[in-house]
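Beneath this line is the structure, given in structure tokens, with notes to follow.
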Amino acid sequence: NPLVTVGMMATRRISAIRGVLYIVAQVIGAWLGLVLVNAFRIAGGGSAKLPTMAALESKTVWACIFIELIGAIIIGYFFCRAQAYRTARGAFTYAAIIGGGLLMAVLFGLVVSGSYLSLRNNFIMNPALAIMYQIFPKSAADFGELIGNVALAGMTYLIVPAIGGVLGFFLSDASSKLAGEE
């Protein structure tokens, strides 16, 4: 998940070069996933549609940004906390912490988007997968509107989760220092 990679780069857990290479690999992996899904779709007769996200609406864009940000903070926080237990408590604890964080982020997104905002679960919290789910609009009334919609989707699904990942890592480091952990 690029939001985790950006958080690791911001807190100097990995070098910038390695982080950029990871992000490139994650995006390539997402594209290969799209190719694989399309291959299965074609092999199955082509009746299934490729996965896409619903277009952002002006009245719900801030709610989508909020969900993406909080979900990314949760994922970044739990991933960073899991790193602290990676060698000390074993692989199961590491996986359980990350799995719990992902579950909490998705449940938060489902509850907030479905129950309160009627966003039709319009969140992804993974910039590489957001590209796979074709977040960028392909049509608009004019070129200016198209560029504006592309910029809005890029900010909502690529930049905001990266910022949330960084905030999650910094919050984890702060809570670790407050708790007196090394």
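Worth a mention:
- Taken over the range 124-146, the criterion of being of a type in the set (A, V, I, L, M, F, W, C) and out of contact with any helix residue (DSSP H, G or I) (no Cβ under 7 Å at 6 or more places or on another chain) is satisfied by ALA141, PHE143, LEU146.
- Scanning the range 64-93 for residues that are open to solvent by less than 30 Å² (accessible area, probe 1.4 Å), over 18 Å from SER175 (Cα atoms) and free of Cβ contacts under 8 Å to residues at least 60 places away in the same chain turns up ILE67, GLY90.
- First in the range 131-151 and without any contact (Cβ under 8 Å) to a residue 60 or more places away in the chain and acidic (Asp, Glu), second anywhere and open to solvent by 40 Å² or more (accessible area, probe 1.4 Å) and not in a helix (DSSP H, G or I), Cβ under 6 Å, 6 or more apart: none
- Of the residues making up the range 17-31, none is outside any helix (DSSP H, G or I), within 19 Å of the chain's Cα centre (by Cα) and either at pLDDT 85 or above or among the hydroxyl-bearing types (Ser, Thr, Tyr) (or both).
- First in the range 21-35 and open to solvent by 70 Å² or more (accessible area, probe 1.4 Å), second anywhere and in a helix (DSSP H, G or I), Cβ under 8 Å, 6 or more apart: TYR22/PRO2; TYR22/THR5; TRP31/ILE131; TRP31/MET132
- Positions within the range 61-94 being assigned to a helix (DSSP H, G or I), of a type in the set (Gly, Ala, Ser) and at pLDDT below 90, in sequence order: ALA63, ALA84, ALA91
- Failed condition for VAL61, given (1) open to solvent by 70 Å² or more (accessible area, probe 1.4 Å); (2) under 30 Å from GLU145 (Cα atoms): (1)
- One residue stands out in the range 123-169 among those that are at pLDDT below 80 and among the β-branched types (Val, Ile, Thr): the one that is surrounded by the fewest Cβ atoms within 10 Å (Cβ to Cβ), namely ILE131.
- Hits in the range 105-122 (condition: modelled with pLDDT of 75 or more and among the hydrophobic types (A, V, I, L, M, F, W, C)): ALA105, VAL106, LEU107, PHE108, LEU110, VAL111, VAL112
The values are calculated or read from the model by the stated rules, or taken from the named source; none is laboratory data. From a predicted model like this one, the values you see are computed outputs, not experimental measurements. Note: ideal-geometry Cβ built from the backbone for every residue, glycine included; neighbour counts use all protein chains shown. Side chains are part of the model used for accessible areas, which takes the heavy atoms of the whole protein and leaves out ligands, DNA and RNA. Shrake-Rupley method; radii C 1.70, N 1.55, O 1.52, S 1.80 Å.
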